[in-house]
Each structure stands twice: as C-alpha cells, then as structure tokens.
Amino acid sequence: MINNQDLAQENISIDIKLLLEAIYLKYGHDFRNYSQAHLKRRILHRLMLSNINSISEMQYKVLHEPEFMQEILTDFSINVTEMFRDPAFYLTMRKDVLPVLRTYPYIKIWHAGCSTGEEVYSMAILLEEEGLLDKTLIYATDNNETVLKVAKKAEYSTENLKNYQKNYEKGGGKGKLSDYYEEKGSVIKFDPRFRKRIVFSEHNLVTDNVFTEVHLIICRNVLIYFNRNLQNRVIKLFHDSLMKEGVLGIGSKESVDYSRYGDAFEYINKNQKIYIKKSGNDE
Amino acid sequence: MTNYELVAIGASAGGMNALKEILSNLDRDFAFPIVAVQHVAPDSENYLVEYLDEYSNLSVREASEKQSILPYHVYFAPPNYHLLVEEDKTFSLTVSEKVNYSRPSIDVSFESAALAYKERVIGILLTGASQDGAKGMQMLHGFKSMTIVQEPKTASVPVMPKAAIELVTVDYKLPLEKIAPFLNTLSRTHAGRKEQKG
C-alpha cells in the first residue's frame with residue numbers, strides 16, 4: 001500500500017521503464033511501446049491493492065514469480081467488451097461490408113485482440129444471419145491466454161443479457177439473440193455451430209508477424225494503448241495481412257491517418273472507422 | 001511560485017451551465033490548456049462540445065488519442081472513454097472499467113494529470129451528484145498541484161464538491177462566478193513572468 005505523498009516522491013517513470021525492461025527480458029512480453037499513462041494507471045492500481053510498497057519491489061516479484069507475471073499481464077490488458085459493442089459498427093458491417101465479402105468463394109476474418117470473445121460471437125451471428133457463416137473462418141487472437149480460455153468456452157453471464165439483446169437489435173439483428181444460445185441458470189452458452197467456425201489462438205501484435213492472409217481484419221480499441229511507433233508497426237502488419245481490397249475495422253476513436261500506411265487505406269465508413277485497402281499498393 | 005501548465009476541470013450533473021459560465025469568461029489568450037471531463041451518456045453525440053465552443057474564446061474540442069495538448073484549447077473526454085494525460089503532453093484514451101459508475105471518469109483524468117504534470121496542474125471540481133473527482137483531487141493535492149472546488153452552496157448539485165472537501169483540504173472554495181476571474185489572474189501572472197524572463 002502506498003499513499004499519495006510517497007507516490008509524489010517516487011521516480012515513477014524511471015521505475016516503470018525498468019519494470020517493463022525486466023518483463024521483456026525475462027518473459028518476452030514487450031510493453032515498452034504502450035501508452036505510459038495507461039501502464040502507470042494499471043501498475044499503481046496493482047500497487048494500491050497489494051501489499052507491495054514500491055514499483056521496484058514489484059519488479060523483484062515479477063522476476064521471481066511467474067504467476068505474478070500472469071496477474072500483471074491481465075492488469076495491462078483491457079478486457080472490457082460486450083456483445084455487439086457499438087451496434088452501429090455491426091449495422092455498417094451488415095450493410096456495407098458483408099455484401100462485398102459475399103462475392104468471395106470463401107471468407108477469412110482475423111479478429112485481433114479478441115479478449116473474452118463476445119464480439120467474435122457477435123460477428124459469427126451476423127454472418128449466420130447473412131447466410132455466410134458456412135463459408136467463413138474466423139481467426140480470433142489475443143496475447144493473453146487467460147481471456148482466450150474464456151472465449152473458447154463460449155459461455156457468458158446472463159447479467160448483461162438485456163443490454164446485449166438491445167445492442168443486437170440496434171445492430172440490425174433479424175431474429176432474437178436467444179435463438180443462438182442456450183440458457184443454463186446464470187450462464188448462456190452459444191450454439192456449437194459458431195464455435196466450429198472460429199479458431200482461437202495466441203498472437204501478440206507487438207512481437208509476432210503475419211500468420212495468414214484475410215479478407216477482413218477487426219481490431220477495435222487495441223491501438224489506443226500503443227504509442228505511435230507501435231501503431232505504425234501494427235497497421236503495417238494489418239496491411240500486409242489483408243488481401244487486395246481487404247477491409248479493416250478499428251475502434252471509433254482510432255485512426256490509421258497518422259500512420260505511414262494511412263495512404264494505403266480509404267474509408268468505407270468514416271464514423272465507424274471501417275477502411276478498405278487500396279489496390280495497387282503492394283510494393 | 002509554481003509554473004502551472006494545465007487546467008483540469010471535472011463536472012457532472014449541472015455541469016453544462018457551470019462549464020458555460022467558466023469557459024465563456026476566460027481570456028482569449030488564456031495561457032493554460034484545459035482538460036475537461038463532463039459525465040455524459042455512453043452513446044451521447046457530445047453536442048456539449050459544439051455548444052460550449054460557441055460561447056468560449058478558446059477552441060473547445062473532443063480530445064483525440066495522441067493529440068498534442070496546446071494552449072488556447074479546451075479538450076473534452078469523449079463519451080464512453082477515459083481520457084489520460086501523458087508526460088509528453090499528448091492524450092491517450094482507454095475503455096477500461098467504469099470508475100464511480102462513469103466513463104469518462106474525472107478521477108481517472110485527474111490522477112493521470114497529477115502523474116504526468118506533477119505540481120503544475122490547476123484542478124477544478126464543479127457541480128455533480130457523484131463521488132467522482134474527490135480521489136483525483138486528493139492525488140493532485142498529494143502532488144502539490146492547486147485544488148479548487150466550486151463552493152457547494154453555488155452548485156446546482158452540491159454532492160460532488162462536498163465529497164472532495166470532505167476528503168481533501170482543498171486550496172480554494174470559490175463561488176462559480178469567481179472561478180473564471182481567478183483563473184484569468186493566474187494566466188496573466190504566468191504570461192507576465194514569461195515576458196520578464198524572455
């Protein structure tokens with residue numbers, strides 16, 4: 001536990017740099033190009049909750065206790081998500097993107113930073129309703145194995161169901177959300193036919209490379225945690241992973257405009273930040 | 001005397017009028033950039049920003065991620081995002097958990113401002129029915145930044161300023177109409193000192 005006065009005396013920025021370097025050297029997880037303010041907040045939050053007295057003590061603990069590293073990993077990644085989050089995004093997908101994808105004999109989608117999977121199943125439902133699920137494969141990746149375990153189970157609490165139902169309708173849902181899951185007590189489980197079209201796997205946007213070529217990439221509210229250098233790297237990775245005239249959907253407050261690859265994309269929908277990769281840029 | 005570099009304002013219920021009173025009375029050449037958090041619904045169109053821009057001499061905008069923080073600007077946290085201030089004087093956004101039932105949360109922005117700008121922040125907490133902002137003021141105070149709350153009697157909803165006063169020994173309790181003139185004085189002093197140095 002640490003109070004504000006002590007905090008003001010700490011060399012917070014230096015200590016955090018050292019902590020991130022230690023994590024990278026020991027475990028290969030590279031947070032050095034993440035937003036500093038974001039990491040500071042998460043680290044101090046952990047410090048306030050635990051009986052650790054300083055960031056340097058935290059560094060010692062990380063180096064000697066791998067299970068503590070897993071906790072830190074979960075602290076650093078934001079896993080706030082919901083079914084059909086930002087319904088307008090799904091409505092645009094349905095109206096403006098799926099008609100394009102429909103023209104292909106098969107469809108490959110990469111959902112990067114899929115967290116606990118709610119938005120992956122949302123997309124799968126959308127594809128089902130548009131009659132495209134059977135010819136689609138969704139690769140859903142995250143750098144955190146803990147959240148992937150949750151995603152693979154396809155089970156979610158009924159707690160937010162009302163909100164999910166509302167989002168589903170706003171996203172242009174054609175039936176009822178309950179058509180797609182079975183309710184058991186306080187849990188819903190999505191029909192196995194969705195799970196069959198999804199491959200969940202670990203992938204780290206910071207350190208890993210292209211693993212397949214896809215027609216559509218969805219990566220929402222992940223870039224906001226990266227600094228400009230890292231955003232550049234990831235947008236290049238997306239560019240290289242997209243087929244000719246592939247589509248990229250990012251978070252509504254994110255943009256590729258500042259990236260060196262900004263010119264290689266143009267908008268399908270500016271408000272929803274859905275881009276198409278321009279053809280003729282494959283140098 | 002401290003070299004202030006940033007004004008951070010938090011408001012909730014009743015905030016629109018309070019913010020209008022302050023922002024419409026600040027000098028055209030007001031020296032400090034302003035970061036503002038007003039509690040809004042997650043799916044709000046944020047017309048608040050356009051509305052306040054009409055009344056202010058300063059340029060009132062929604063903050064974008066990685067944007068540089070500059071004088072003569074007022075930056076509002078976007079609906080459904082927390083707004084963070086970076087040491088390199090840019091913004092970051094996060095969709096992390098709600099704090100005090102709010103996203104954007106005042107505590108989140110104030111704490112990040114304290115961590116990034118240390119003692120060089122002027123924190124102002126206005127009207128509201130929430131407990132948000134009190135902890136943020138406490139952190140600003142801990143970092144020796146200036147803390148100002150709206151005198152609860154002049155707040156349309158006094159809960160929020162009261163919560164801060166209970167938690168922190170704030171530097172100033174000011175009636176709403178005194179806040180802008182007070183800030184203008186700080187700004188002019190700052191500008192004057194800069195001129196002397198230059």
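At a glance:
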quantity	calculated
Single residue of B:Leu52, B:Leu48, B:Leu19 found to be under 20 Å from B:Pro175 (Cβ atoms) and touching a strand residue (DSSP E or B) at 6+ places or on another chain (Cβ under 8 Å)	B:Leu19
Leading residue by the ranking (surrounded by the fewest Cβ atoms within 10 Å (Cβ to Cβ)) among those in the stretch A:34-55 that are more than 11 Å from chain B (Cβ to nearest Cβ) and part of a helix (DSSP H, G or I)	A:Leu49
In the stretch A:170-184, the residues that are surrounded by fewer than 19 Cβ atoms within 10 Å (Cβ to Cβ) and either touching a residue at least 24 places away in the same chain (Cβ under 8 Å) or closer than 30 Å to A:Arg233 by Cα (or both)	A:Lys170, A:Gly172, A:Lys174, A:Gly175, A:Glu183
Total residues in the stretch B:90-115, condition within 11 Å of chain A (Cβ to nearest Cβ), in a helix (DSSP H, G or I) and not polar (S, T, N, Q)	6
Residue that is within 14 Å of chain B (Cβ to nearest Cβ) and within 24 Å of A:Ile107 (Cβ to Cβ), where the choices are A:Val210, A:Val222, A:Val214	A:Val222
Looking only at the stretch A:226-276, and only at residues there that are away from every other protein chain (no Cβ under 14 Å), among the small types (Gly, Ala, Ser) and in contact (Cβ under 8 Å) with a residue 40 or more places away in the chain, the one that is farthest from A:Lys95 (Cα to Cα)	A:Ser241
Residue among A:Phe76, A:Phe31, A:Phe84 that alone is within 12 Å of chain B (Cβ to nearest Cβ), of a type in the set (A, V, I, L, M, F, W, C) and surrounded by 15 or more Cβ atoms within 10 Å (Cβ to Cβ)	A:Phe76
B:Thr127, sole failed condition from (1) assigned to a loop (DSSP other than H, G, I, E, B); (2) polar (S, T, N, Q); (3) surrounded by 20 or more Cβ atoms within 10 Å (Cβ to Cβ); (4) at the interface with another protein chain (Cβ under 10 Å from one of its Cβ atoms)	(4)
Residue selected from the stretch B:135-154 under the condition more than 13 Å from the chain's Cα centre (by Cα) and within 13 Å of another protein chain (Cβ to nearest Cβ), by the criterion surrounded by the fewest Cβ atoms within 10 Å (Cβ to Cβ)	B:Lys144
Residue under evaluation A:Asp240, criteria (1) surrounded by fewer than 18 Cβ atoms within 10 Å (Cβ to Cβ); (2) under 15 Å from the mean Cα position of the chain (by Cα); (3) among the acidic types (Asp, Glu), criterion not met	(2)
Qualifying residues in the stretch B:1-25 (those that are of a type in the set (Ser, Thr, Tyr) and surrounded by fewer than 18 Cβ atoms within 10 Å (Cβ to Cβ)) - the one farthest from B:Leu126 (Cα to Cα)	B:Thr2
Long-range neighbours under 6 Å by Cβ, at least six apart or interchain, first residue in the same structural domain as A:Met69 (by TED's automatic domain parsing) within the stretch A:44-55, second in a helix (DSSP H, G or I)	A:Arg46/A:Asp75; A:Ile52/A:Met58; A:Ile55/A:Asp15; A:Ile55/A:Leu19
Scan of the stretch B:26-63 for residues that are of a type in the set (Gly, Ala, Ser), closer than 18 Å to B:Ser109 by Cα and buried (at least 17 other Cβ atoms within 10 Å of the Cβ), ordered by number	B:Ala36, B:Ala63
Selection within the stretch A:16-28 - away from chain B (no Cβ under 12 Å) and part of a helix (DSSP H, G or I)	A:Leu18, A:Leu19, A:Leu20, A:Glu21, A:Ala22, A:Ile23, A:Tyr24, A:Leu25, A:Lys26, A:Tyr27
Residues that are within 24 Å of A:Ile107 (Cβ to Cβ) and either modelled with pLDDT under 95 or not assigned by TED's automatic domain parsing to the domain that holds A:Val214 (or both), drawn from the stretch A:253-263	A:Val256, A:Tyr261
Failed criterion for B:Pro79 (all others in (1) farther than 20 Å from A:Asn227 by Cα; (2) within 14 Å of chain A (Cβ to nearest Cβ); (3) touching a residue at least 40 places away in the same chain (Cβ under 8 Å) hold)	(3)
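The values are calculated or read from the model by the stated rules, or taken from the named source; none is laboratory data. This one's a predicted model, so the numbers in the text were calculated from it and none came from an experiment. As a convention, Cβ positions derive from the backbone with ideal geometry for all residues, glycine included, and neighbour counts pool all protein chains shown.
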